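Undergrad: There's a structure below that I have some questions on.
The values are calculated or read from the model by the stated rules, or taken from the named source; none is laboratory data. Just so it is clear, the structure is predicted and the values come from calculations on it, not from any experiment. No Cβ is skipped: glycine too gets one built from the backbone with ideal geometry, and neighbour counts run over all protein chains shown.
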Amino acid sequence: MPSDFALGTPSWFDVTSPDIPAAAEFYSALFGWSAQDTGPEAGNYTILSQDGAQVAGIVSAHTPAGGTKPSIWLPYFTVADAKATAAAAVDAGGTVFIEPTDVFGRLEFAILTDADGAAFGIIRPISEPGTERFGELNNPIWVQYASPKAPAESMAFYARVLGLHHENAGWVTEGTVNPYQALSVPGSREFGGAHFAEPGDPAPMWNVTIHVADADAIAERAVQLGGSVLSAPQDMPGPSRIGAIADPFGAPLGLMAFPR
């Protein structure tokens, strides 16, 4: 397995869009990424890169049946056996949305849903490196799960299926109801978290967060480019400054900046 990602960690990310060229233009202008359409044979899947290093992808929201899938960002977790992982997800109460699929001998992926209905991807790298600068500036740095119940309950599914470790975040105080869960796997740093979704918030669902130099400036720029601000940047424990935007098609995306 060529990937440097430990099993269970997120190693690829993509966004579903009804207009791939327009989405590519938005993200390129926002983060300085370049876009490469891989062609009709691959459904015009478009790779987003930073200085030649892969960051993420854009996949068409249009289905063969003529429908349109929601515009969302999706994390793909690294596995050693996609078929076995898909079967484990079903055994744990999840479903298989897209069966394990080989992509030109370079990787195998599948899209599943957990026991609460949230979609997530799995990926078995063969020759593909995945996202190549995880955590660096203008790259994915965190995945976040919005849970309709106690986050620890939702994460029990991922502990069973992917081997994720979850525990109360270090800043959670004793007696907190539905405490935030920090996510890791043995030998890895924390790469994500799960929080309790307040009434009215979209849940259950995964989201992706990008490391940026200035969350406020990026949020403002997103609006100028036709996107919107879902949550204005604010200071959080860590310390960090966190906000959320949506692209012009409604796909939510987190922003995370750190004090200098």
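Undergrad: Of the residues in region 4-23, how many are surrounded by 21 or more Cβ atoms within 10 Å (Cβ to Cβ) and closer than 30 Å to residue 160 by Cβ?
TA: Kept after step one, since they are surrounded by 21 or more Cβ atoms within 10 Å (Cβ to Cβ), are these residues of region 4-23: 5, 8-17, 20, 23.
Filter once more, so that each one left must be closer than 30 Å to residue 160 by Cβ: 5, 8-16.
The number of residues fulfilling the criteria is 10.
Undergrad: Now, a different point. Does at least one position in region 237-258 carry a residue that is modelled with pLDDT of 95 or more and on the phi > 0 side of the Ramachandran plot?
TA: Yes: region 237-258 contains one or more residues that are modelled with pLDDT of 95 or more and on the phi > 0 side of the Ramachandran plot.
Undergrad: A further question on this structure: Just checking: which of the strands (runs of 3 or more DSSP E) contained wholly in region 26-85 hold 2 or more residues that are within 24 Å of residue 113 (Cβ to Cβ)? Give the steps one after another, and end with the answer.
TA: Numbers: elements: 34-37, 46-50, 53-60, 73-78.
Hits in region 26-85: 53-60, 73-78.
Undergrad: Could you figure out which of (1) in contact (Cβ under 8 Å) with a residue 60 or more places away in the chain; (2) surrounded by fewer than 16 Cβ atoms within 10 Å (Cβ to Cβ) isn't true of residue 157?
TA: It is condition (2) that residue 157 fails.
Undergrad: Return a yes/no flag: does region 124-139 have any residue that is within 20 Å of residue 95 (Cβ to Cβ) and modelled with pLDDT of 95 or more.
TA: Within region 124-139, the first condition is being within 20 Å of residue 95 (Cβ to Cβ), and the residues that meet it are 124.
Narrowing further to those that are modelled with pLDDT of 95 or more: 124.
There is at least one residue in region 124-139 that is within 20 Å of residue 95 (Cβ to Cβ) and modelled with pLDDT of 95 or more.
Undergrad: Return the residues of region 191-206 that are at pLDDT 95 or above and of a type outside the set (Gly, Ala, Ser); say none if nothing qualifies.
TA: 191, 195, 196, 204, 205, 206 - these are the residues of region 191-206 that are at pLDDT 95 or above and of a type outside the set (Gly, Ala, Ser).
Undergrad: So which residues in region 227-245 are within 17 Å of residue 143 (Cβ to Cβ) and assigned to a strand (DSSP E or B), if there are any at all?
TA: The first filter runs over region 227-245 and keeps only residues within 17 Å of residue 143 (Cβ to Cβ), leaving 230-231, 236, 238, 240, 242-245.
Residues satisfying the conditions are 230, 231, 236, 240, 242, 243, 244, 245.
Undergrad: A further question follows. So which residues in region 66-110 are at pLDDT below 95 and buried (at least 19 other Cβ atoms within 10 Å of the Cβ)?
TA: Residues satisfying the conditions do not exist here.
Undergrad: Filter region 221-235 for residues that are of a type outside the set (Gly, Ala, Ser) and loosely packed, with under 14 Cβ neighbours inside 10 Å; which is modelled with the lowest pLDDT?
TA: Within region 221-235, the subset of a type outside the set (Gly, Ala, Ser) is 221, 223-225, 229-230, 233-235.
Among the residues that remain, those that are also loosely packed, with under 14 Cβ neighbours inside 10 Å are: 223-224, 234-235.
Numbers: 223: 98, 224: 98, 234: 96, 235: 93.
Taking the candidates together, the pick is 235.
Undergrad: Considering only residues that are more than 15 Å from the chain's Cα centre (by Cα) and in a strand (DSSP E or B), which ones fall in region 246-259?
TA: Result: 257, single match.
Undergrad: What's the number of the only condition in (1) polar (S, T, N, Q); (2) without any contact (Cβ under 8 Å) to a residue 12 or more places away in the chain; (3) touching an Asp or Glu at 6+ places or on another chain (Cβ under 7 Å) that residue 38 fails to meet?
TA: Tallying (1) polar (S, T, N, Q); (2) without any contact (Cβ under 8 Å) to a residue 12 or more places away in the chain; (3) touching an Asp or Glu at 6+ places or on another chain (Cβ under 7 Å), residue 38 fails exactly one: (3).
Undergrad: Now a separate question. What strands (runs of 3 or more DSSP E) lie completely within region 145-226 and have 2 or more residues being more than 29 Å from residue 250 (Cα to Cα)? Can you show your working first?
TA: Numbers: elements: 165-168, 181-184, 192-196, 205-211.
Where strands (runs of 3 or more DSSP E) fall fully within region 145-226 and carry at least 2 residues being more than 29 Å from residue 250 (Cα to Cα), they are 165-168.
Undergrad: Just to verify a result, which residue in region 24-48, among those that are more than 21 Å from residue 226 (Cβ to Cβ) and crowded, with 17+ Cβ neighbours inside 10 Å, is nearest to the chain's Cα centre (by Cα)?
TA: The selected residue is 47.
Undergrad: Can you go through 70, 64, 18 and tell me which one is without any contact (Cβ under 8 Å) to a residue 12 or more places away in the chain and more than 20 Å from residue 126 (Cα to Cα)? Explain how you work it out, then say what you get.
TA: Values: 70 fails: without any contact (Cβ under 8 Å) to a residue 12 or more places away in the chain; 18 fails: without any contact (Cβ under 8 Å) to a residue 12 or more places away in the chain.
So the residue among 70, 64, 18 that is without any contact (Cβ under 8 Å) to a residue 12 or more places away in the chain and more than 20 Å from residue 126 (Cα to Cα) is 64.
Undergrad: Here's something else I'd like to know. Which ones in region 111-153 are over 14 Å from the mean Cα position of the chain (by Cα), more than 23 Å from residue 211 (Cβ to Cβ) and buried (at least 21 other Cβ atoms within 10 Å of the Cβ)?
TA: Selection gives 114, 124, 147.
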